[in-house]
Amino acid sequence: MSTNSLFNQIQLQEHKLCNRLAVAPMTRRSATSEGVPTRAMIDYYQAFASGGFSLIITEGIYTDNLFSQTDLNQPGLVNQEQLEGWKKVVAGVHKSNALIIGQLMHGGSLSQCRAKTIAPSAIQPKGLRATEKGGLTGPFPIPKEMSEEDLAEVKKGYVQAALLATKAGFDGVELHSANGYLFDQFLTPHTNLRTDMYGGNTYNRLRFLMEVYTAVKEAVPQKFIVGIRLSESKVNDLTYRWPGGSTTAVEIFTVLKELHADYLHIAAEGGNWARECLYGDGSSSSGLAKKIAGVPVIANGGLHDIQIAESLIESQQADLISIGRAALANPDWPHRIAAGKPLIPFFKELIKPSLTLQHTQRVLEEQKREFSQ
Ligand SMILES: Cc1cc2nc3c(=O)[nH]c(=O)nc-3n(C[C@H](O)[C@H](O)[C@H](O)COP(=O)(O)O)c2cc1C
């Protein structure tokens with residue numbers, strides 16, 4: 001067994017995790033067209049848990065039937081059928097004693113499948129819809145500026161989805177405030193031109209996220225984990241960075257400190273932590289989050305590079321590491337590392353949901369064979 005810092009235990013809220021290794025949220029578009037989790041998803045998530053990850057953060061889950069859905073075949077958490085589907089996914093993960101956190105997501109103006117969208121301001125997003133996602137194509141539409149009623153509906157959706165997550169047995173939820181989606185559209189100055197209390201300074205641009213966070217936290221049992229994910233880069237703008245670099249990071253985490261969030265997940269959507277999270281003055285967004293907000297921090301972005309991952313934990317720039325693409329290739333990444341087994345290199349086709357699922361099946365079968373030997 002490896003003794004490196006990635007395999008030390010850690011306490012997250014009331015839960016003891018056996019290592020510092022989490023699966024990053026990854027949209028798989030593998031639910032039914034009604035957003036109900038499928039058998040393939042049960043196997044997909046179970047493989048990470050039996051493969052040694054102590055924490056699994058699910059793909060983004062939509063939170064209401066109005067404007068939240070981002071992708072076709074994305075799972076939701078808005079009705080009984082979806083709840084029943086998630087119960088099976090959660091039970092599969094819990095068999096291996098891993099924790100599972102549902103990522104709650106509203107796409108705002110970046111929906112790949114909705115003809116009409118909402119956002120803080122009526123600004124057309126950069127870029128085009130992704131043809132490979134099988135939804136709509138061409139430019140994103142100009143979203144409708146959110147009214148007070150829209151804000152209330154979105155908040156209600158998050159609270160209800162979080163309550164359904166408690167019923168499904170999830171250990172927590174993560175509010176997706178990264179990658180250019182709805183909460184990130186509020187935070188980003190050029191997509192938020194509001195002149196009410198949700199626009200203007202950093203506090204105002206974080207206000208809606210904080211209101212939703214507080215409403216969710218008040219609705220769920222105390223031990224239910226509620227985290228927040230943030231990033232600088234966006235799915236439709238990988239080069240975007242917070243305008244003032246580390247100065248902006250300090251401002252953001254100083255505001256978020258008042259939430260005492262259960263954790264912050266600081267992501268590098270482009271998959272390169274050093275390029276996306278490290279500032280010229282030597283500080284990093286994950287390190288500043290930890291120091292200033294004073295809560296557990298998950299770092300992400302190319303951190304299957306063990307040396308960087310370990311150095312982040314050892315230098316107090318993160319408490320946990322989340323792994324995305326390398327976990328698609330190696331759902332048993334922790335066991336492989338601990339046993340010194342070779343890793344399967346990530347290959348681009350694995351992004352295709354059906355191939356991920358076939359690959360997961362193969363790795364699971366291999367695990368079973370090894371277990372029975
Ligand atoms: C296929 C795929 C789907 C993704 N879907 C989501 C998602 O639903 N929610 C999210 O916050 N990030 C999503 N991401 C971003 C990952 O969580 C992660 O930030 C990114 O892959 C970089 O980490 P890595 O270098 O370990 O892969 C996705 C990434 C990939 C490759």
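DSSP assigns beta bridges within the stretch 164-268; of those with both partners inside it, close to 10 percent run antiparallel.
Please give the Cα centre distance for the stretch 249-312 versus the stretch 2-51, rounded to the nearest Å. That distance is 20 Å.
Near I57, the amide H atoms lying under 5 Å from its own belong to V23, I101; only residues 5 or more places off or on other chains count, and H is placed 1.01 Å from N.
The amide H of H265, built 1.01 Å from its N in the peptide plane, has I228, R229, L230, I298 as neighbours under 5 Å, considering only residues 5 or more places off or on other chains.
Neighbour counts of other Cβ atoms within 10 Å put D305, D184, D319 in the fewest-to-most order D305, D319, D184. Full extension of the segment from K348 to A91, taken as 0.36 nm per residue of separation minus the current Cα-Cα distance, would add 89.5 nm. For Q361 and K126, what does the FRET efficiency come to when R0 = 45 Å and r is the distance between their Cβ atoms, rounded to the nearest 0.05? Efficiency, from the Cβ-Cβ distance: 0.75.
Can you tell me what share of the DSSP beta bridges in the stretch 5-372 is antiparallel? A percent to the nearest 5 is fine.
In the stretch 5-372, DSSP labels about 15 percent of beta bridges as antiparallel.
For the chain, a Gaussian network of Cα nodes joined below 10 Å ranks V173, V226, V363 by mean-square fluctuation, and the top entry is V363.
Given charges of +1 on the Cβ of Lys and Arg and -1 on the Cβ of Asp and Glu, with all other atoms neutral, how large is the dipole of the chain about its Cα centre, in debye to the nearest 20? Each step should come with its number before you reach the end.
Working: 37 positive and 37 negative charges, 113 e Å.
That gives the chain a dipole magnitude of about 540 debye.
Close amide-amide hydrogen proximity is noted between L12 and L17, each under 5 Å apart and 5 or more residues distant or on a separate chain (H modeled in the peptide plane; Pro and chain starts excluded).
Each residue of the stretch 340-348 was assigned a 3J(HN,Hα) from its phi angle through the Karplus curve 6.51 cos²θ - 1.76 cosθ + 1.60 (θ = phi - 60°); the sequence is x, 7, x, 8, 7, x, 5, 10, 4 Hz, with glycine and proline shown as x. When shorter helices are ignored and each DSSP H run of at least 4 residues is given -39500 (n - 2.57), the per-residue value for the chain at 222 nm works out to -11000 deg cm²/dmol. Rounded to the nearest whole Hz, the Karplus-based 3J(HN,Hα) values (6.51 cos²θ - 1.76 cosθ + 1.60, θ = phi - 60°) of the stretch 25-39 follow the sequence x, 9, 4, 10, 6, 10, 7, 5, 5, 8, x, 9, x, 10, 4, with x at glycine and proline. Placing +1 on the Cβ of every Lys and Arg and -1 on the Cβ of every Asp and Glu, with no other charges, gives the stretch 175-263 a dipole of roughly 80 debye about its Cα centre. Principal axis extents of the Cα atoms in the stretch 248-373, from largest to smallest and rounded to whole angstrom, are 52, 28, 27. Pairs exceeding 18 Å between alpha-carbon atoms, taken from K95/K368; K234/K352; K16/K223; K116/K217; K87/K167; K87/K156: K234/K352; K116/K217; K87/K156.
Relative contact order for the stretch 5-372 using alpha-carbon pairs under 8 Å, separation at least 6, rounded to a whole percent?
16
Site pair A339 and E149 shows an inter-label distance of 5.8 nm when each label is modelled 7 Å from Cα along Cα→Cβ.
Cβ crowding within 10 Å, taken as a proxy for footprinting-reagent exposure, orders M146, M210 from fewest neighbours to most as M210, M146.
Counted by neighbouring Cβ atoms within 10 Å, the residues H94, H106, H304 run from fewest to most as H94, H304, H106.
Largest GNM mean-square fluctuation among F346, F170, F186, using the chain with Cα springs under 10 Å: F346. Overall size of the chain from C-alpha positions, given as principal axis extents largest first: 65, 47, 40 Å.
The residue among N201, G60, Q185 whose Cα reaches farthest toward the positive pole of the charge dipole of the chain, with charges on the beta-carbon of Lys, Arg, Asp and Glu, is G60. Calculation over all alpha carbon pairs of the stretch 97-256 in 5 angstrom steps from 0 returns a P(r) of 2, 9, 18, 21, 19, 16, 11, 4, 1, 0 percent. Cross-link partners for K126 among the aspartates and glutamates, with Cα-Cα distance under 20 Å and sequence neighbours closer than 8 places in the same chain left out: D71, E145, D184, E232, D237, E269, E276.
Every read-out reported here was derived from the displayed coordinates using simple, explicitly stated rules and does not represent laboratory data. It should be emphasised that the depicted structure is a prediction, and the values quoted were computed from it without experimental measurement. In this analysis, Cβ positions are derived from the backbone assuming ideal geometry, glycine residues included, and neighbour counts consider all displayed protein chains.
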